[in-house]
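Quick notes on the structure that follows.
What follows draws every value from the coordinates through simple rules; no lab data is involved. A quick note: this is a predicted structure, and the numbers were derived from the prediction, not measured. Here Cβ is always computed from backbone atoms with ideal geometry, including for glycine, and neighbour counts include all displayed protein chains.
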Ligand SMILES: C[S@@+](CC[C@H](N)C(=O)[O-])C[C@H]1O[C@@H](n2cnc3c(N)ncnc32)[C@H](O)[C@@H]1O
């Protein structure tokens with residue numbers, strides 16, 4: 001990784017933010033996209049690239065929440081110091097006075113009792129810079145700003161970046177209908193990548209809800225960017241926005257698939273959820289090929305030689321259910337009805353995992369929103385080595 005080396009004239013530091021625990025998964029996705037030199041950080045991965053990479057990655061990356069471009073990096077001794085150093089930045093070169101902006105981020109520093117305070121200091125520096133130069137100032141807009149700056153303060157060290165995505169990248173643009181406990185799209189994509197699904201084996205989600213896991217699996221298998229339906233990107237509001245370059249990247253991306261490279265199947269107990277999932281799938285050219293049905297998982301009969309399951313059953317947090325009973329019958333169904341299956345389950349319920357009655361061959365700590373979860377792999381074999389019982 002050459003982040004400490006001098007940057008070439010068109011090079012910039014690009015930081016892709018991930019969900020906790022998925023940093024390596026994001027780095028692996030970047031490697032697959034051709035970015036060989038990556039620096040894995042806490043909840044983020046950094047690369048050196050150009051603005052073309054920023055556009056490309058905003059469209060193509062599946063496992064990042066947002067993409068930041070570094071504006072400045074310096075050390076401070078006080079809040080006054082922060083103001084002075086922030087005032088040196090040529091903010092007016094990034095955006096126009098007609099655009100609204102917001103300053104957000106994270107502060108871990110004993111210099112500031114109020115962790116929101118550094119955002120106000122930087123906001124003041126931006127406003128003062130515009131006033132000095134143009135006699136006018138841009139508006140602050142916290143909900144839907146045109147331009148978002150990200151401030152990261154770690155003790156005396158400050159990094160100021162532009163958030164080039166704006167709204168988080170899990171807002172893909174394909175989901176219109178959601179259930180009570182939908183999975184974040186970036187988490188769904190990260191779980192699928194973490195599972196190392198070969199993109200060929202029949203993919204099944206027996207608790208599919210509004211279909212997030214199935215949709216991300218289909219997008220991955222077809223090679224269509226997860227953000228192909230998304231219109232909003234904050235980089236379009238910047239002064240340096242190159243519409244021709246963006247159009248080339250956007251128009252060059254795959255958007256249509258007339259078939260799926262393998263079967264992708266989902267079911268859910270709720271008719272309403274299946275209707276929602278189908279509505280979401282219809283936004284994509286391949287949507288009608290995802291097979292869905294309203295039924296309980298134990299009504300699924302094995303029709304394929306081998307299945308690969310990635311699923312998000314109820315945890316008992318947002319959806320009430322008899323968790324031990326549900327997970328126990330899921331384990332029994334896997335053992336007796338689904339030989340030759342690799343099943344990955346995300347849940348926050350330790351009680352549920354115990355009730356499955358199978359020994360997981362992998363356990364990975366992950367987060368679904370604020371909820372600490374575990375993502376576990378269960379292998380059910382055919383013949384003598386049929387399954388690993390929980391000991
Ligand atoms: C946590 S949600 C799944 C959310 C989904 N990943 C999404 O993004 O929308 C769990 C789902 O399991 C379904 N469910 C509960 N019991 C079931 C059963 N016995 N068989 C199949 N689905 C069931 C619920 O209807 C609910 O939609």
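Computed across the range 219-309, the Kirkwood hydrodynamic radius from all distinct Cα-Cα pairs reaches 15.9 Å. When the convex hull of its Cα atoms is viewed from all sides, the range 244-391 shows a mean projected area of 11.5 nm². Ranked from largest, the principal axis spans of the Cα set of the chain equal 75, 46, 40 Å. Arranged from fewest to most other beta-carbon atoms within 10 Å of their beta carbon, 208, 373, 262 become 262, 373, 208.
Projecting the alpha carbon convex hull of the range 62-130 along each direction and taking the average yields 5.8 nm².
Taking the number of Cβ atoms within 10 Å of each Cβ as an exposure proxy, the fewest-first ranking of 279, 175 is 279, 175.
Note: relative contact order over the chain, using C-alpha pairs below 8 Å and six or more positions apart, is 14 percent. Three semi-axes describe the equivalent ellipsoid of the range 109-199; taken as square roots of 5 times the Cα gyration tensor eigenvalues and ordered largest first, they are 35, 19, 13 Å. Going from the fewest other Cβ atoms within 10 Å to the most, the residues 151, 213 appear in the order 151, 213.
Computed over the range 88-201, relative contact order equals 27 percent, with contacts defined as Cα pairs under 8 Å that lie 6+ residues apart.
What do you get when you divide the Cα radius of gyration of the range 1-90 by 2.2 N^0.38 Å, with N the number of residues?
Working it through for the range 1-90, the quotient is 1.20.
Computed extension gain for residue 6 through residue 154, at 0.36 nm per residue and net of the alpha carbon distance, reaches 51.0 nm.
Sequence-distant contacts, meaning Cα pairs under 8 Å at least 6 residues apart, place the relative contact order of the range 1-126 at 24 percent. Over all pairs of different C-alpha atoms in the range 12-163, the reciprocal of the mean inverse distance, the Kirkwood hydrodynamic radius, equals 16.3 Å. Within the range 156-210, the percentage of alpha carbon pairs spaced more than 15 angstrom apart rounds to 66%.
Report, as a whole number in µm² per second, the diffusion coefficient that Stokes-Einstein gives for the range 125-257 at 10 °C and 1.306 mPa s using the Kirkwood radius over alpha carbon pairs. D, rounded to a whole number, is 88 µm²/s. For the chain, the 222 nm mean residue ellipticity estimated from helices alone, with every DSSP H stretch of n ≥ 4 adding -39500 (n - 2.57) and the total spread over all residues, rounds to -8500 deg cm²/dmol.
Quarter the surface of the alpha carbon convex hull of the range 308-362 and you get the mean projected area, 3.6 square nanometres.
Once the Cα atoms are used to define both axes, helix 23-32 deviates from the longest principal axis of the chain by about 90 degrees.
Against the main long axis of the alpha-carbon atoms of the chain, helix 323-337 sits at an angle near 60°.
A simple spin-label model places pseudo-atoms 7 Å from Cα toward Cβ; at residue 285 and residue 144 they are separated by 3.0 nm. Kindly work out what percent of the DSSP beta bridges joining two residues of the chain are antiparallel, to the nearest 5. Antiparallel bridges: around 65 percent, rounded to the nearest 5.
In a solvent-free Debye calculation with one equal scatterer on each Cα, what is log10 I(q)/I(0) for the range 263-308 at q = 0.13, 0.24, 0.33 Å⁻¹, listed in the order of the q values? The calculated log intensity ratios at q = 0.13, 0.24, 0.33 Å⁻¹ are -0.31, -0.90, -1.19. In a GNM of the chain with a 10 Å cut-off on Cα contacts, which of 108, 207, 241 has the highest mean-square fluctuation? Looking only at 108, 207, 241, the largest GNM fluctuation is found for 108.
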